[in-house]
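Single-structure report; data block below.
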Amino acid sequence: QVQLVESGGGLVQPGGSLGLSCAASGFTFSNYVMSWYRQAPGKERELVASISAGGRINYADSVKGRFTISRDNAKNTVYLQMNSLKHEDTAVYYCNAVRFAITAWGQGTQVTVSS
């Protein structure tokens with residue numbers, strides 16, 4: 001059974017940092033493209049960052065230079081380090097796994113940036 005479990009969300013002040021983790025199970029993690037998406041209230045879900053099986057990384061323009069995605073295939077875990085957080089980064093962050101026609105989502109973790 002494919003399972004993705006996010007952790008690490010919470011409340012942080014503007015300019016602060018937060019790290020998210022996504023633990024995967026039930027599939028061959030190293031073969032999958034792993035991504036982080038986010039969805040703010042009243043907005044569509046958007047791609048934040050992705051990392052391919054080979055380590056190729058892409059970021060949304062809005063987070064370039066502030067967020068870092070990484071993966072540890074030995075631990076079946078993908079990470080998102082978020083620095084210099086802004087109010088507009090407030091959203092539910094979702095972990096996603098994709099390989100060909102197979103896709104899976106985590107349950108999401110709330111990130112709130114507020115003073």
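Here are some residues: Leu80, Leu47, Leu11, Leu20. Which one is closer than 12 Å to Thr112 by Cα and among the hydrophobic types (A, V, I, L, M, F, W, C)?
Values: Leu80 fails: closer than 12 Å to Thr112 by Cα; Leu47 fails: closer than 12 Å to Thr112 by Cα; Leu20 fails: closer than 12 Å to Thr112 by Cα.
Step by step, each of Leu80, Leu47, Leu11, Leu20 is checked, and only Leu11 is closer than 12 Å to Thr112 by Cα and among the hydrophobic types (A, V, I, L, M, F, W, C).
Hey, among the residues in the range 100-115 that are in a strand (DSSP E or B) and at pLDDT below 95, which one's nearest to the chain's Cα centre (by Cα)?
Thr103
Based on what the data block shows, is Pro41 modelled with pLDDT under 95 and in a loop (DSSP other than H, G, I, E, B)? Reasoning before the result, please.
Numbers: modelled with pLDDT under 95: yes; in a loop (DSSP other than H, G, I, E, B): yes.
Here the answer is yes, as Pro41 does meet what is asked.
Exactly one condition in (1) within 14 Å of the chain's Cα centre (by Cα); (2) at pLDDT below 95 is false for Thr68; which is it?
(2)
Tally time: how many residues in the range 1-45 are surrounded by 14 or more Cβ atoms within 10 Å (Cβ to Cβ) and on the phi > 0 side of the Ramachandran plot?
Of the residues in that region, 1 qualify.
Kindly indicate whether any position in the range 86-98 is on the phi > 0 side of the Ramachandran plot and either open to solvent by 20 Å² or more (accessible area, probe 1.4 Å) or at pLDDT below 95 (or both).
No, the conditions are met nowhere in the range 86-98.
Return yes when Ser52 is within 14 Å of the chain's Cα centre (by Cα) and polar (S, T, N, Q) and no when it is not. Spell out how you get there, then give the answer.
Values: within 14 Å of the chain's Cα centre (by Cα): yes; polar (S, T, N, Q): yes.
In short, yes.
Taking the range 46-69 as the search range and keeping residues that are in contact with a Ser or Thr (Cβ under 9 Å, 6 or more places away or on another chain) and of a type in the set (S, T, N, Q), which one is least open to solvent (accessible area, probe 1.4 Å)?
Selected residue: Ser50.
In the list Thr68, Thr90, which residue meets the criterion of being without any contact (Cβ under 8 Å) to a residue 24 or more places away in the chain, of a type in the set (Ser, Thr, Tyr) and closer than 14 Å to Leu20 by Cα?
Thr68
The values are calculated or read from the model by the stated rules, or taken from the named source; none is laboratory data. As the structure is a prediction and not an experimental result, all values here were calculated from the model. Every residue, glycine among them, receives a Cβ derived from its backbone with ideal geometry; neighbour counts consider all protein chains shown. Accessible surface is based on the protein model in full, side chains and every heavy atom, while ligands, DNA and RNA are left aside. Shrake-Rupley method; radii C 1.70, N 1.55, O 1.52, S 1.80 Å.
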